[in-house]
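Participant: First, the structure itself, so that you have it in front of you.
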Amino acid sequence: MAGPLIADQRAAARGQRIYAMLLAVTAGVIMVIPAFGSNYTKTFVMQGLMSCALAGSWNLISGFTGYVSFGHAAFFGIGSYAAGIAIVHGGIPAPLAIAIAGAAAAAVGLTFGYPALRLRGPYFAVGMLGVAEAIRVAVTVAEPVTGGGKGLVLPPEDVLDAAYYAMLAVVTTTVLVTYRVATLPVGLRLLAIREDEVAAEMNGIQVTRLKLGAFAVSALFAGLAGGIYAWQISYIDPGTVFAGSLTVRAIAMTMLGGQGTVFGPVVGSILLSGISEALWTRFPFIHTALSGVLIVAIVLFLPGGITQFLQNRGWIPRSRRL
Amino acid sequence: MSGDRPATARAAIGSTPAGAILEVAGLTRRFGGVIAVNDVSFGIVAGTVTGLIGPNGSGKSTLFRLISAEMPAHSGEVRLRGQPITRRSASEVNRLGLGRTFQLSRLYPAMTATENLVAVTRGEAKHALERAAASLDFVGLTAVADEFAANLSYGQQKLLEFARVLVNDPDVILLDEPFAGVNPVMEERMVAHIHALRDRGKTFLITDHEIRLIMALCSRLIVLDHGELLADGDPATVRADARVIDAYFGT
């Protein structure tokens with residue numbers, strides 16, 4: 001498979017402009033929706049943004065370093081509860097509570113990441129699943145603080161617009177950070193860990209430090225998203241914020257768009273949010289099954305995601321900036 | 001430690017010249033009941049090319065892994081410029097100036113040749129591209145700089161791995177079977193590169209089964225058999241050693 005020819009490069013540059021324009025238009029539409037959209041539209045897009053934040057967050061650790069985490073919802077859940085508890089028990093204003101949510105998730109990420117990132121491949125994936133489950137159970141048991149299985153009720157406020165923009169800010173920051181990482185040697189070092197960790201270590205890459213750093217930043221963004229979610233929805237319970245389906249969606253979206261790419265999680269979450277909404281409204285009883293079929297199809301036919309598909313066709317350049 | 005050979009025989013081989021840049025002292029590693037490397041000691045001088053030969057399973061690759069800190073030794077010590085490196089991580093050992101390649105190339109397949117180098121290049125990020133380009137140019141891979149490593153030929157992959165080691169300018173370079181499966185043209189290139197680098201003061205420790213090349217390339221040969229040092233000396237002497245002929249060269 002040779003690199004793109006000169007003629008292909010011109011086509012690829014045009015493709016990149018179209019690609020960038022589509023993303024810019026989407027971003028523009030998302031920006032103005034709170035001003036014009038119905039509550040249904042706002043809630044739907046807000047959901048999409050939340051998924052996108054989670055996908056982007058998952059991509060930072062799993063997409064780049066190849067440490068596939070099946071327990072990423074843990075950080076979303078920790079963020080939700082940290083913000084919820086800060087607001088309910090501490091009377092802390094929401095913006096600060098959300099910052100606490102991010103910090104708490106990052107701290108837990110560092111704590112569990114240190115031992116967990118010594119595991120590789122399926123052992124890490126399942127290990128993280130165990131971590132998420134353990135945290136969910138701990139939150140359920142700690143009833144005096146967390147409200148246990150009955151959940152935690154936050155003071156209800158109509159903050160949909162504010163939460164919407166806050167979530168958009170988290171998504172934007174995640175993309176910017178990923179872009180920065182991907183365009184510096186550190187991005188290649190993370191990818192080198194995915195490609196061959198031993199060869200990365202043997203060539204002087206500080207593997208442990210990098211993995212842990214990526215994991216903490218990833219957890220931070222998931223925690224922020226969780227905090228914003230709790231603030232907006234004003235009721236959280238362990239079953240919802242630690243749901244495995246949150247992780248599965250983040251994985252599916254990232255894989256559809258392209259793992260270890262900058263815009264892959266964004267493209268994947270736009271498409272998958274749209275598709276699952278369409279399926280849900282048309283086939284209310286089997287939409288989850290159809291989503292499952294879709295994920296299987298992605299793995300089988302688009303293993304590198306849409307980004308790689310377009311690159312292989314020469315429609316967009318082979319650039320780490322995309 | 002090995003005990004079954006008289007100490008006098010050991011003193012004759014595995015000499016550590018004064019001022020050796022890389023020293024191995026009493027290095028031992030077991031795998032279950034098998035002693036893969038048994039009390040091996042030697043030292044090599046800066047600016048030389050030393051060959052490490054021996055039959056399959058004699059412990060060459062394990063010795064490489066111990067020296068480069070890919071795996072810990074059960075006893076003994078490795079010193080780089082007199083500084084013990086045995087307890088350090090592989091990443092630290094590389095940063096101290098010891099680079100290595102692998103018997104089967106271990107590249108980052110979904111990354112381009114240039115990216116393979118930039119990923120490991122230390123120092124300021126803005127110079128990483130230039131240094132990667134210079135290293136690729138040195139091994140003659142400029143034409144495939146933007147090709148994915150997975151798409152390169154076997155020989156090109158070997159050269160790319162060599163370029164990746166060189167990009168951080170290590171003082172000591174361990175090459176694990178650099179000639180295995182490489183065509184004659186590539187072989188010649190590799191030999192020329194090694195000589196050019198040796199003349200610039202780089203130190204090489206090379207294992208390979210291409211005895212013709214090893215004899216021509218190295219000023220000293222160290223022979224391993226069953227994890228123990230069997231012989232050590234200049235190529236002609238080692239070639240004539242009855243024990244080496246018996247264990248490795250055959251008749």
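Participant: Sort out which residues of segment B:116-134 are buried (at least 23 other Cβ atoms within 10 Å of the Cβ) and in contact with a Lys or Arg (Cβ under 8 Å, 6 or more places away or on another chain), and write them in order of number.
Facilitator: Result: B:Asn116, B:Leu117, B:Ala119, B:Val120, B:Thr121.
Matching residues to (1) under 19 Å from the mean Cα position of the chain (by Cα); (2) open to solvent by less than 80 Å² (accessible area, probe 1.4 Å):
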{"residue": "A:Thr281", "(1), (2)": "no, yes"}
{"residue": "A:Pro303", "(1), (2)": "yes, no"}
{"residue": "A:Thr307", "(1), (2)": "yes, yes"}
{"residue": "A:Gln311", "(1), (2)": "no, yes"}
{"residue": "A:Ile316", "(1), (2)": "no, yes"}
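Participant: Next question, about the same structure. Is it the case, given these coordinates, that B:Gly59 is at pLDDT below 95 and either under 30 Å from B:Ala231 (Cα atoms) or open to solvent by 40 Å² or more (accessible area, probe 1.4 Å) (or both)?
Facilitator: yes
Participant: Go through B:Asp171, B:Asp208 for me and flag whichever is within 14 Å of chain A (Cβ to nearest Cβ) and within 23 Å of B:Leu66 (Cβ to Cβ).
Facilitator: B:Asp171
Participant: Among the candidates A:Val217, A:Val141, A:Val170, A:Val175, single out the residue that is without any contact (Cβ under 8 Å) to a residue 40 or more places away in the chain, touching a Gly at 6+ places or on another chain (Cβ under 9 Å) and away from chain B (no Cβ under 14 Å).
Facilitator: Going through A:Val217, A:Val141, A:Val170, A:Val175 in turn, just one is without any contact (Cβ under 8 Å) to a residue 40 or more places away in the chain, touching a Gly at 6+ places or on another chain (Cβ under 9 Å) and away from chain B (no Cβ under 14 Å): A:Val141.
Participant: Can I ask one more? Which of the residues that make up segment B:25-50 are more than 16 Å from the chain's Cα centre (by Cα) and open to solvent by 10 Å² or more (accessible area, probe 1.4 Å)?
Facilitator: Residues satisfying the conditions are B:Ala25, B:Gly26, B:Arg29, B:Arg30, B:Phe31, B:Gly32, B:Gly33, B:Val34, B:Ile35, B:Ala36, B:Asn38, B:Asp39.
Participant: Separate question: Sort out which residues of segment B:199-223 are among the small types (Gly, Ala, Ser) and either touching a Gly at 6+ places or on another chain (Cβ under 9 Å) or in a loop (DSSP other than H, G, I, E, B) (or both), and write them in order of number.
Facilitator: Passing the criteria: B:Gly201, B:Ser219.
Participant: So, one more: Please return the ranges of helices (runs of 4 or more DSSP H) entirely within segment A:70-147 where 3 or more residues are within 22 Å of the chain's Cα centre (by Cα) and surrounded by fewer than 17 Cβ atoms within 10 Å (Cβ to Cβ).
Facilitator: Hits in segment A:70-147: A:94-116, A:121-141.
Participant: Continuing with the same structure: Are any of the residues in segment B:100-115 outside any strand (DSSP E or B), open to solvent by 20 Å² or more (accessible area, probe 1.4 Å) and away from chain A (no Cβ under 14 Å)?
Facilitator: No, segment B:100-115 has no match at all.
Participant: Now a separate question. So is B:Ile53 surrounded by 17 or more Cβ atoms within 10 Å (Cβ to Cβ), at pLDDT 95 or above and closer than 28 Å to B:Thr237 by Cα or not?
Facilitator: no
Participant: Could you check, for segment A:225-235, whether at least one of its residues is within 13 Å of the chain's Cα centre (by Cα) and closer than 28 Å to A:Gly148 by Cβ?
Facilitator: Yes, segment A:225-235 has at least one match.
Participant: Now a separate question. Within segment B:215-251, which residues are of a type in the set (Phe, Trp, Tyr) and under 23 Å from B:Arg29 (Cβ atoms)?
Facilitator: B:Tyr248
Participant: Quick one: in segment B:116-139, which of the residues that are in contact (Cβ under 8 Å) with a residue 40 or more places away in the chain and within 12 Å of B:Gln157 (Cα to Cα) is farthest from the other protein chains (Cβ to nearest Cβ)?
Facilitator: Per the stated criteria, the residue is B:Val139.
Participant: Where residues in segment B:213-251 are open to solvent by 50 Å² or more (accessible area, probe 1.4 Å) and among the acidic types (Asp, Glu), which of them is modelled with the highest pLDDT?
Facilitator: Step by step, filter segment B:213-251, then rank; the result is B:Asp234.
Participant: Here is a list: B:Phe162, B:Phe249, B:Phe179. Which entry is of a type in the set (Phe, Trp, Tyr) and within 14 Å of chain A (Cβ to nearest Cβ)?
Facilitator: B:Phe162
Participant: If you don't mind, another one. Take the residues in segment B:73-93 that are buried (at least 16 other Cβ atoms within 10 Å of the Cβ) and assigned to a helix (DSSP H, G or I); name whichever of them is farthest from the chain's Cα centre (by Cα).
Facilitator: Ranking the candidates gives B:Ser91 first.
Participant: Let me ask something additional. Considering only residues that are facing chain B (nearest Cβ under 7 Å) and in contact with a Ser or Thr (Cβ under 7 Å, 6 or more places away or on another chain), which ones fall in segment A:179-209?
Facilitator: A:Pro185, A:Glu201, A:Met202, A:Gly204, A:Ile205, A:Gln206, A:Val207
Participant: Could you please let me know if A:Ala134 is closer than 30 Å to B:Leu129 by Cβ and either within 14 Å of chain B (Cβ to nearest Cβ) or among the small types (Gly, Ala, Ser) (or both)?
Facilitator: No: the conditions fail for A:Ala134.
Participant: Let me ask you something else. Quickly run through segment B:141-159 and pick out the residues that are of a type in the set (Val, Ile, Thr) and either surrounded by fewer than 18 Cβ atoms within 10 Å (Cβ to Cβ) or under 22 Å from the mean Cα position of the chain (by Cα) (or both).
Facilitator: If the condition is that a residue be of a type in the set (Val, Ile, Thr) and either surrounded by fewer than 18 Cβ atoms within 10 Å (Cβ to Cβ) or under 22 Å from the mean Cα position of the chain (by Cα) (or both), then B:Thr142 is the only one that fits.
The values are calculated or read from the model by the stated rules, or taken from the named source; none is laboratory data. Please read all numbers here as calculations on a predicted model, not as lab measurements. Using ideal geometry, Cβ is built from the backbone for each residue, glycine included, and neighbour counts are taken over all protein chains shown. Protein only, heavy atoms only, side chains kept; ligands, DNA and RNA dropped before computing areas. Shrake-Rupley method; radii C 1.70, N 1.55, O 1.52, S 1.80 Å.
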